[in-house]
1. Cβ-Cβ distance below 6 Å, separation of 6 or more or different chains: which pairs start in the stretch 130-157 with a residue that is in contact (Cβ under 8 Å) with a residue 24 or more places away in the chain and end on one that is open to solvent by less than 40 Å² (accessible area, probe 1.4 Å) and aromatic (F, W, Y)?
2. Tell me whether the stretch 45-66 contains one or more residues that are over 17 Å from A107 (Cα atoms), modelled with pLDDT of 95 or more and open to solvent by 20 Å² or more (accessible area, probe 1.4 Å).
3. Identify all residues within the stretch 234-257 that are among the β-branched types (V, I, T) and open to solvent by 70 Å² or more (accessible area, probe 1.4 Å); write none if there are none.
4. Give the residue, chosen from G27, G18, G40, G35, that is in the same structural domain as A77 (by TED's automatic domain parsing) and at pLDDT below 95.
5. Name the residues in the stretch 160-192 that are at pLDDT 90 or above, over 20 Å from L78 (Cα atoms) and outside any loop (DSSP other than H, G, I, E, B), would you?
6. Open to solvent by less than 40 Å² (accessible area, probe 1.4 Å), touching a Gly at 6+ places or on another chain (Cβ under 8 Å) and either modelled with pLDDT of 90 or more or outside the structural domain of A10 (by TED's automatic domain parsing) (or both) - does that describe any residue in the stretch 140-158?
7. Quick one: what pairs do we get from the stretch 1-26, first residue closer than 17 Å to Y80 by Cα, second buried (at least 20 other Cβ atoms within 10 Å of the Cβ) and among the basic types (K, R), C-beta under 8 Å, 6+ apart or different chains?
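The values are calculated or read from the model by the stated rules, or taken from the named source; none is laboratory data. Predicted model only: the values in this text are computed from it and were never measured. Reconstructed Cβ throughout: ideal geometry from the backbone, glycine too, with neighbour counts over all protein chains shown. SASA here: full protein model, heavy atoms, side chains in, ligands and nucleic acids out. Shrake-Rupley method; radii C 1.70, N 1.55, O 1.52, S 1.80 Å.
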Amino acid sequence: MNHVFPVLTALAYLLSFGLYVRFLAAGNKFTGRVGTVLLGVGLIAHYFALLERSRGLHTVPYHDLYGSMSLFGWLLALTYLGLELYHRQRSVGAFVLPFILVFFLAAHLAPADRLSPPAVHGVVFAFHVTLSILAYAAFALSFVLSIIFLGEERLLRNHKLGEVVWRLPPLELLDQMSRSSVLVGLISIAVGTALGYVSVDRLPGQNSFYDPKYIITLLVLALYALYFRLAGTAAWRGARASKLCIFNFVIVVLSFTVVNLYLSHSHRYF
């Protein structure tokens, strides 16, 4: 398999991370813009790395642990870039890029665990999986933003106002960015779950409507819908909403790990 695109992806993400850190430390706008451009280059290279691997193995990117983790990293990068451009705020890039790098590099260390082809396939199933992983990525981004919010709030409360703190987004903007990310996740997981039911309904002679994965997915959907509702109220806006968002992501992690690997029969890697 050609390693040009994976190497280019890792290099672009790593350089982008370094430039985002430099931008956060020095505040040079040109450095930040180049960091964004390199993130875009990494996204393109990452896409072709996934595409090349899928063609080489004649399977979908999420069919094994490598593909699932790599696709998660790509969608996390894509969601962050969209959020950065929408809110015109790149100060949090230095905190998000490490997660993207970790998932991309960890994917290459994942075991080559090949599974039998899934019982369901086709365009509807592909959208079901992609939208589900996009939702996880969006929720992961809101988790990072919530941690930044709580950290920045604590520094401001303790009057530790270094130069880096002043370059972080205002607390109100961090709250807005977190809610924007959750909105992307809510739409993705709602549509993705509905498509999953459509896919299962097409299976002849069997169904998996009561798979534990579906149950916890509905719980995640309810919890984030609750967060989105409460985060807009005066009583919950800010730190309380951020803590709820962090708690919700713990449930997402349990869904993506314990439920997938040990409880679900049809959702091992997504």
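1. Sorted first by the residue in the stretch 130-157, then by its partner, the pairs are S132/F270; I133/F72; I133/F270; A137/F72; F139/F249; L141/Y80; F143/F249.
2. Taking every residue of the stretch 45-66 in turn, none turns out to be over 17 Å from A107 (Cα atoms), modelled with pLDDT of 95 or more and open to solvent by 20 Å² or more (accessible area, probe 1.4 Å).
3. Within the stretch 234-257, V250 is the sole residue that qualifies.
4. G27
5. Of everything in the stretch 160-192, those that are at pLDDT 90 or above, over 20 Å from L78 (Cα atoms) and outside any loop (DSSP other than H, G, I, E, B) turn out to be L171, E172.
6. Yes, the stretch 140-158 contains at least one residue that is open to solvent by less than 40 Å² (accessible area, probe 1.4 Å), touching a Gly at 6+ places or on another chain (Cβ under 8 Å) and either modelled with pLDDT of 90 or more or outside the structural domain of A10 (by TED's automatic domain parsing) (or both).
7. Y20/R90; F23/R90
This table checks each residue for (1) of a type in the set (K, R); (2) more than 22 Å from L174 (Cα to Cα); (3) in a helix (DSSP H, G or I).
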position: I215; (1), (2), (3): no, yes, yes
position: L219; (1), (2), (3): no, yes, yes
position: L223; (1), (2), (3): no, no, yes
position: Y227; (1), (2), (3): no, no, yes
position: A235; (1), (2), (3): no, no, no
position: K243; (1), (2), (3): yes, no, yes
position: L254; (1), (2), (3): no, yes, yes
position: T257; (1), (2), (3): no, yes, yes
position: N260; (1), (2), (3): no, yes, yes
